[in-house]
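To keep things clear, I will list the structure first and then write my remarks on it.
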Amino acid sequence: MDSETSKRIEETVLDILKSCNLDEVSEQKIRRMASEKLGLDLSDPTGKKFVRQVVEKFLAEEQAKREANADEVKEEEEEENDEEEEDGKVKSAGDKEYDDDGDLIVCRLSHKRRVTVTDFRGKTLVSIREYYNKEGKELPTAKGISLTAEQWAMFKKNIPGVEKAIKELESRS
């Protein structure tokens with residue numbers, strides 16, 4: 001098989017692999033599709049071997065990408081955990097955490113989002129808000145919501161309905 005033909009076969013097989021569901025396609029099916037596309041017979045031992053090499057190389061590269069992606073996710077999680085450390089200690093679930101203004105941080109939903117309980121002008125508020133860092137301080141953004149104790153009670157009362165709606169939507173997918 002000449003190098004130009006090999007290159008055409010490799011490009012075609014890679015195009016097929018990129019557009020297929022890898023869980024549902026077989027090497028034989030890929031070889032058949034490439035044969036039809038190129039007008040070549042790839043069922044001989046040389047063609048089979050070459051297509052197998054292209055498929056194996058592609059799968060190995062995809063696996064490496066997935067592993068690298070998993071490593072990135074792990075690093076991001078570790079960075080988030082590092083940022084949650086204070087004075088070298090990670091707060092346990094039983095420890096209470098307060099921000100610079102003395103507001104109780106109930107939980108951190110993500111690196112940027114958290115739930116706090118605060119007293120504002122004599123009213124207790126539950127805030128779900130995004131924060132940003134400026135000069136080492138976490139400051140609130142306008143993105144979020146603050147609920148009075150009464151609004152929070154109403155919201156809490158309706159959580160089962162929200163959960164039911166989520167399950168219904170997810171079951172449609």
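For the pairs Lys18/Lys49; Lys74/Lys157; Lys96/Lys123; Lys96/Lys157; Lys134/Lys157; Lys29/Lys65, flag any whose C-alpha to C-alpha distance is greater than 29 Å. As for pairs spanning more than 29 Å Cα to Cα, those are Lys74/Lys157; Lys134/Lys157.
Computed across the chain, the Kirkwood hydrodynamic radius from all distinct Cα-Cα pairs reaches 21.8 Å.
Phi angles across the range 51-63 convert, under the Karplus curve 6.51 cos²θ - 1.76 cosθ + 1.60 with θ = phi - 60°, into 3J(HN,Hα) values of 4, 4, 4, 5, 5, 5, 5, 4, 5, 5, 5, 5, 5 Hz, Gly and Pro given as x.
Annotation: extensible slack from Leu169 through Ala60 equals 35.7 nm (criterion: 0.36 nm per residue apart, minus Cα-Cα distance). Inter-label distance, Val162 to Val117: 1.7 nm, where each label sits 7 Å from its Cα along the C-beta direction. Derived scalar couplings between HN and Hα for the range 156-173 equal 4, 4, 9, 4, x, x, 5, 4, 4, 5, 4, 4, 5, 5, 5, 6, 6, 6 Hz in order, rounded to whole Hz, by the Karplus curve 6.51 cos²θ - 1.76 cosθ + 1.60 (θ = phi - 60°), x for Gly and Pro.
Could you compute the FRET efficiency for Lys134 and Glu67, with r as their C-beta to C-beta distance and R0 at 41 Å, rounded to 0.05? Rounded to the nearest 0.05, the efficiency is 0.70. Dividing the summed -39500 (n - 2.57) terms of all DSSP H runs of n ≥ 4 by the residue count of the chain sets its mean residue ellipticity at 222 nm at -18000 deg cm²/dmol.
Ranked by the mean number of other Cβ atoms within 10 Å of their residues, highest first, the peptides 162-172, 145-155 come out as 145-155, 162-172.
Readers should treat all values here as calculations from the given coordinates under stated rules, not as data from a laboratory. These numbers come from a predicted model, not from an experiment. Methodologically, a virtual Cβ is constructed for each residue, glycine included, from the backbone with ideal geometry; neighbour enumeration extends over all protein chains shown.
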